[in-house]
Amino acid sequence: MGTIHLFRKPQRSIFSKLLQEFGLVASDRRSWKILLFGVINLTCTGFLLMWCSSTNSIALTAYTYLTIFDLFSLMTCLISYWVMMKKPSPVYSFGFERLEVLAVFASTVLAQLGALFILKESAERFLEQPEIHTGRLLVGTFVALSFNLFTMLSIRNKPFAYVSEAATTSWLQEHVADLSRSLCGIIPGLSSIFLPRMNPFVLIDLAGAFALCITYMLIEINNYFAVDTASAIAIALMTFGTMYPMSVYSGKVLLQTTPPHVIGQLDKLIREVSTLDGVLEVRNEHFWTLGFGSLAGSVHVRIRRDANEQMVLAHVTNRLYTLVSTLTVQIFKDDWIRPALVSGPVAANVLSFSDQHVIPMPPLKMAEDVNPVTSTPAKASSSPPPEFSFNTPGKNVSPFLFLNTQTRPYGVGLPHGHLAYNNVLHQGLGTPGAGAPQEFRTGFTHIPSRYGTNNRLGQPRP
């Protein structure tokens with residue numbers, strides 16, 4: 001049984017939520033123009049579909065699909081306005097910019113599906129070509145062309161404008177660009193219109209209308225009805241070739257990939273960040289496209305223990321923010337406690353004791369032992385002699401008790417397993433004891449003693 005809420009608000013349906021969001025978009029005056037063009041688009045599309053049925057022209061049907069695509073582009077523009085009004089929420093912390101990308105991807109994919117449908121119908125018409133009536137064929141062509149151009153040039157569609165410039169050029173644009181360079185060489189004033197590349201939507205509208213005009217003339221002159229099917233295939237191929245690069249670009253954005261044209265800039269910024277004062281390492285960097293024209297990223301920065309975290313964070317953010325608008329930086333200081341990785345023969349000879357292994361310490365000698373530093377007898381003192389911090393056992397240290405739960409020393413050079421005390425001496429680790437052939441201060445037998453070699457027991461004093 002969960003918590004009983006007496007005054008819980010009833011959940012609204014999806015339709016009521018859509019109406020609320022549509023009212024939010026309609027409150028902006030800029031969206032009124034888009035809504036007006038949407039109503040005109042629906043009217044023109046209805047008339048064009050009726051004329052396609054009366055003329056029995058599949059080429060005009062393929063060209064009408066471009067008008068339906070204009071309706072999808074108007075809806076994408078409305079979504080763009082809605083995204084600008086909405087703020088990020090706890091559920092959608094990055095905002096709603098990816099809805100623009102999704103709308104562009106869906107529109108271009110639907111246009112390609114329409115082109116595939118036209119290709120399938122055209123293949124069937126080649127087997128049995130019907131008669132084409134040209135009474136409204138030319139009228140429908142000019143109505144569709146005028147409306148498409150008027151829509152594309154009157155409304156600034158930010159998502160499609162960005163995709164058309166950022167995506168790779170289509171085969172139609174490349175062929176027209178070659179002709180445009182030749183034409184601009186003769187008439188330089190046309191370079192501002194045809195170069196560097198034409199708008200793909202305007203280009204496909206003009207190319208489709210040109211194909212329909214040729215179809216009309218050939219049918220009127222020679223009653224060559226098969227040219228209608230050939231024009232439909234040409235329009236479908238141009239539609240597919242124009243929409244495919246945009247679908248690929250928007251699909252890569254949805255897959256959170258890094259744009260190829262910013263990889264070099266990102267590498268340069270990462271190298272600059274790695275050279276900042278206090279930065280030791282930059283790792284786990286990941287950058288992706290959040291929306292059209294906006295990058296998001298996350299990076300881990302390891303700094304020195306004495307570095308100022310806030311200062312390093314400010315410098316890293318200042319460097320990367322020029323390119324990455326939404327950035328997450330995690331700063332962590334260098335960890336000296338982590339054991340270093342030991343490779344080679346030393347790694348296989350790490351100390352491994354049993355649950356309890358006691359190393360007894362030798363008995364204390366008298367104060368008359370000779371000091372190994374000065375070679376003079378040491379005087380007796382009531383206070384215990386000081387110990388040196390060389391991780392070596394002293395005279396006044398109690399026996400060591402090693403447990404397996406404690407951290408084991410690294411790199412000592414001893415084999416694993418339980419070792420007897422006399423075997424430890426043979427491995428190079430020992431403590432001064434009675435009857436030993438040679439006394440050792442540390443476990444490293446090949447390193448010379450700092451205070452010289454002396455077989456007498458004892459420890460230097462200040």
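Scanning the stretch 296-330 for residues that are open to solvent by less than 90 Å² (accessible area, probe 1.4 Å), more than 16 Å from residue 268 (Cβ to Cβ) and touching a His at 6+ places or on another chain (Cβ under 7 Å) yields a single hit, 298. Across the stretch 40-63, the number of residues qualifying as at positive phi and outside any loop (DSSP other than H, G, I, E, B) comes to 0. On the stretch given as the stretch 108-122, residues that are touching a residue at least 40 places away in the same chain (Cβ under 8 Å) and either among the charged types (D, E, K, R) or in contact with a Ser or Thr (Cβ under 9 Å, 6 or more places away or on another chain) (or both) total 9. Being surrounded by 15 or more Cβ atoms within 10 Å (Cβ to Cβ), touching a strand residue (DSSP E or B) at 6+ places or on another chain (Cβ under 7 Å) and modelled with pLDDT of 85 or more, is that true of even one residue in the stretch 101-122? Within the stretch 101-122, one or more residues are surrounded by 15 or more Cβ atoms within 10 Å (Cβ to Cβ), touching a strand residue (DSSP E or B) at 6+ places or on another chain (Cβ under 7 Å) and modelled with pLDDT of 85 or more.
Between 218, 280, 295, the distinction of being among the hydrophobic types (A, V, I, L, M, F, W, C) and in contact (Cβ under 8 Å) with a residue 40 or more places away in the chain belongs to 280 only.
The listed residues are 154, 170, 164, and the only one of them that is among the small types (Gly, Ala, Ser), within 36 Å of the chain's Cα centre (by Cα) and open to solvent by less than 10 Å² (accessible area, probe 1.4 Å) turns out to be 170. The set of residues in the stretch 252-264 being surrounded by 13 or more Cβ atoms within 10 Å (Cβ to Cβ) and part of a helix (DSSP H, G or I) consists of 252, 253, 254, 262. All of (1) in contact with a Cys (Cβ under 9 Å, 6 or more places away or on another chain); (2) surrounded by fewer than 18 Cβ atoms within 10 Å (Cβ to Cβ) hold for residue 60 with one exception: (2).
The values are calculated or read from the model by the stated rules, or taken from the named source; none is laboratory data. None of the values given here were measured: they were computed from a predicted structure. Cβ: placed from backbone, ideal geometry, glycine included. Neighbour counts: every protein chain shown. Note: areas computed on protein heavy atoms with side chains; ligands, DNA, RNA excluded. Shrake-Rupley method; radii C 1.70, N 1.55, O 1.52, S 1.80 Å.
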